[in-house]
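Written below as structure tokens is the structure these notes are about.
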Amino acid sequence: MILSKRFIAIIILSFIATYDTLVLYFLENIVWIMIVTIIGVLIPMYLLQKGIQYCETFIVMMSLCFIPVFTFFFQLLDPRLTWSSLTFTGVGLLLILGILSMWQEQKNV
């Protein structure tokens with residue numbers, strides 16, 4: 001329920017911010033807009049809903065928790081980006097605490 005309202009709010013705010021150039025931009029880039037929408041929003045949301053439907057809530061929550069860890073390590077492969085020690089510390093804590101939570105959950109089962 002909250003995610004659907006967030007997307008509506010993003011669409012409305014985006015339209016307000018770009019109403020003067022929106023139509024021309026939309027017509028010129030409709031193919032890319034559709035590709036990004038399908039790959040970046042629809043497929044991940046569908047897979048998230050299926051994960052929630054078929055998996056335990058804790059597993060889905062931990063999977064979402066590890067997304068920044070994967071993103072951080074994929075960004076290390078890009079030579080244009082530099083990483084900071086603060087980001088590394090935050091991602092490391094997220095990883096360690098996530099693993100400890102998974103371990104604790106398995107121990108309680």
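The values are calculated or read from the model by the stated rules, or taken from the named source; none is laboratory data. Computed from a predicted structure; not experimentally measured. Using ideal geometry, Cβ is built from the backbone for each residue, glycine included, and neighbour counts are taken over all protein chains shown. Ligands, DNA and RNA are stripped out before the accessible areas are found, and what is left, the full protein with its side chains, is counted by its heavy atoms. Shrake-Rupley method; radii C 1.70, N 1.55, O 1.52, S 1.80 Å.
Tell me the label only: which of (1) 114; (2) 162; (3) 98 is volume of the Cα convex hull per residue in Å³ as calculated from this structure? Matching entry in (1) 114; (2) 162; (3) 98: (2). Secondary-structure-derived ellipticity at 222 nm for the chain, considering helices only, amounts to -24500 deg cm²/dmol, per-run term -39500 (n - 2.57) for DSSP H runs with n ≥ 4. A 1.4 Å probe, protein heavy atoms only, puts the accessible area of Met61 near 100 Å².
Between Leu97 and Tyr46, the distance separating the two model label sites (each 7 Å from Cα on the Cα→Cβ line) works out to 3.4 nm.
Accessible surface area normalised per residue over the range 19-103 is 83 Å², counting heavy atoms of protein chains with a 1.4 Å rolling probe.
Measuring nothing but how far apart in sequence close Cα pairs (under 8 Å, 6+ apart) lie, relative to its length, the chain scores a relative contact order of 19 percent. Annotation: for a label point projected 7 angstrom from Cα along Cα→Cβ of Glu56, residues of the range 85-109 with backbone N closer than 20 Å are 95-109. With every protein chain in place and a 1.4 angstrom probe, the accessible-area ranking of Glu105, Glu56, largest first, reads Glu56, Glu105. Heavy-atom accessible surface of Ser85, to the nearest 10 Å², is about 80 Å², with a 1.4 Å probe and all protein chains retained. Taken about its Cα centre, the chain carries a charge dipole of about 200 debye when Lys and Arg each add +1 at the Cβ and Asp and Glu each add -1 at the Cβ.
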